[in-house]
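Taking it in order: structure first as structure tokens, then the write-up.
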Amino acid sequence: MAKSSKPAKKTYEFKAELNQLLNLIVHSLYTHPEIFLRELISNASDALNKVRFMQLTNQEIADSKADLKIKISVDSKKQLFTIEDSGIGMTEDELINNIGTVANSGTLKFLDEIQKSGKKPEGDLIGQFGVGFYSVFMVTDEVIIETRHANPDSRGYRWVSDGKGTFSIEEIDRKKRGTSISFRLKDEFKDFAEEYRVKSVIQKYSNFVDFPIEIGKEKINKVEALWRKPKDDIKEDELTEFYKFVANDFEAPLGHLHLSLEGTVNFKALLFVPQKAPLNLFYDLEDKGLHLYSNRIFIQDDAKNLLPEYLKFIRGVVDTEDLPLNVSREVTQHSPVMQKIRNILTTRILNMMEDWSKNDPGKYEKLMKNFGPLFKTGLNSDFTNRDKIMKLLRFESTAKPKGELVSLDDYISRMKKNQKEIYYITGDSREIIEKSPNLEYFRKNDYEVLLLTDPVDIFIIPSINEYEKKPLKSIEKADIDIKEDKKSKEGEEKESLGKETLESLIKVFKETLGDKVEDIKPSRRLVDSPVTLVVSKDGLDPQMERMMKLMNQEVADQKKILEINPAHPIIKNLSKRNIANSSDPVLRNTILQLYESAMLIEGNLRNPTEFVRRMHELLEEATK
């Protein structure tokens, strides 16, 4: 019996206003023309996934020995581009309904609303209506699709359209299963016919597609989508290489977190903590967020809204099935899916940090030394996780050698029975802080003091107020609760000036210093130093005051309280001079010198020339 002739080529009209839709896609929906390649690879990957499912369910398929892969070929001279997959392919009906019917009534209704409002679309048409294929018309004037479905009795078809209202379909001889899409590139996009250009786009957007993408015989997507493998199947060296690729780092990561979640939101994630912080922690991380994928297809490489600011040092990949392939950042920013993922990631990362702090304190201490200043800012921004963050904070302390960090829980576990407050002091460095006169009492009486040297500490500590019902108090504040044991107090009273003598001397101090200070009081915190300056109860922390001045913010000079040590030899000597002659120039000059020496220690002495001149006068007098 003679073979029947093939049906003639048929021409169809699109079932929606394709020109209107195409104009929207080309000019509004896509940010970069290279997106067309991402969309074509995404479609090819979907087709391969479907045929793989057919194989797994033991269905008979056409061209059963064909490798599951995507092949791309280009001709730079002729500006030709072809992408071919061995996926499930399409029937004639599917060509008409899936490709021919670009949009449904929902799309038209959406477009009508957009036109009436005069607003631009938010960019979610791809995900809602599956029109990603048509991004190809950004770079070409005509597209040819050749396809054959995976059913064994299927036929081959050719689909051709210039995207201007009609398309044609004809039957062809095609032995291979799958789909081939080919076209000639417009002159302004001829660079996509260069292999190097295509490779760079694949490496950027589709490097983790689960099937080989080849140009010629070279496989381009060489990095495996590790986040989709079971945890136990991933080797340490694989993790290291994957991290280096994703984070563009040369060192292995400090640690990682592998997540695979199903429920209200479905996603997989492979997250890393870098070994080192960048030189400028708060600025060098700005454009290096998490890589976001939708079913292995790249969406964006700086998905900042997947993590709160204080965790933006985390590197890695998040891949979700629940997020449509969008190019619009606005869509991801306002997506409920993204918010759910963000909440889960934040919780899991904080849990990981808590686990490190308990079971691998060395690793956790390294994390805090590198990223602590950034992490601490979460205390003032993430109120949902505030208690968790507080427990994870770490500081240097007088109870530990330089470099070792303690938690607030550690501190409380070492507090004395009569101690009601958590003490801290701020400064530029541990070396400077440890020389502060305000530490003398605490050192002598073995009270632990937190040494806060991170600039950010100044902004976060005041917001804590108290921890486990223990108030946090700066030892540079006048209202601090200083308790002395009876024996120590009696010994100091024997060495100190008498009450009337001391009051007489304080009167001279007040006359000499005038409005330079808020008040002058005898000190209980000084042991080895004659004087110190402290802030009143409602005053600004000295370190905060310095920082605000460095930031060129207007800060009114605040008067402080000068505390004097009644048991110090200098104070006793001044008392003798006062009894002999309260107008003694040496007495008055020494008072000024003591005040300015306290200012010098704080870093607030504005006129060192006068200070040095007066010091020379006193030295001259002392050496007579």
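Quick look at the values:
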read-out	value
Residue tally, condition touching a Leu at 6+ places or on another chain (Cβ under 7 Å) and within 18 Å of Asp541 (Cβ to Cβ), over segment 562-609	5
Any hit, segment 230-240, residues being among the basic types (Lys, Arg), free of Cβ contacts under 8 Å to residues at least 40 places away in the same chain and not assigned by TED's automatic domain parsing to the domain that holds Asp85	yes
Residue, surrounded by the most Cβ atoms within 10 Å (Cβ to Cβ), within segment 568-601, restricted to residues that are outside any helix (DSSP H, G or I) and not acidic (Asp, Glu)	His568
Check on Asp541, crowded, with 18+ Cβ neighbours inside 10 Å, under 21 Å from Asn438 (Cβ atoms) and at pLDDT below 80	yes
Residues of segment 385-418 satisfying the condition of being under 30 Å from the mean Cα position of the chain (by Cα) and of a type in the set (Val, Ile, Thr)	Ile389, Val406
Criterion violated by Arg174 - all others in (1) closer than 21 Å to Lys69 by Cα; (2) surrounded by 21 or more Cβ atoms within 10 Å (Cβ to Cβ) satisfied	(2)
Residue in segment 180-226 that is nearest to Gln300 (Cα to Cα), counting only those that are under 27 Å from the mean Cα position of the chain (by Cα) and surrounded by fewer than 18 Cβ atoms within 10 Å (Cβ to Cβ)	Lys204
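For (1) modelled with pLDDT under 95; (2) not assigned by TED's automatic domain parsing to the domain that holds Arg524; (3) not in a loop (DSSP other than H, G, I, E, B), each residue gets a yes or a no:
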| position | (1), (2), (3) |
| --- | --- |
| Lys391 | no, yes, yes |
| Ala399 | no, yes, no |
| Gly403 | yes, yes, no |
| Asn418 | yes, yes, no |
| Glu431 | yes, yes, yes |
| Tyr441 | yes, yes, yes |
| Ile458 | yes, yes, yes |
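The values are calculated or read from the model by the stated rules, or taken from the named source; none is laboratory data. This structure is a prediction, so every number in the text was calculated from the model and none was measured. We place every Cβ from the backbone using ideal geometry, glycine too, and count neighbours over all the protein chains shown.
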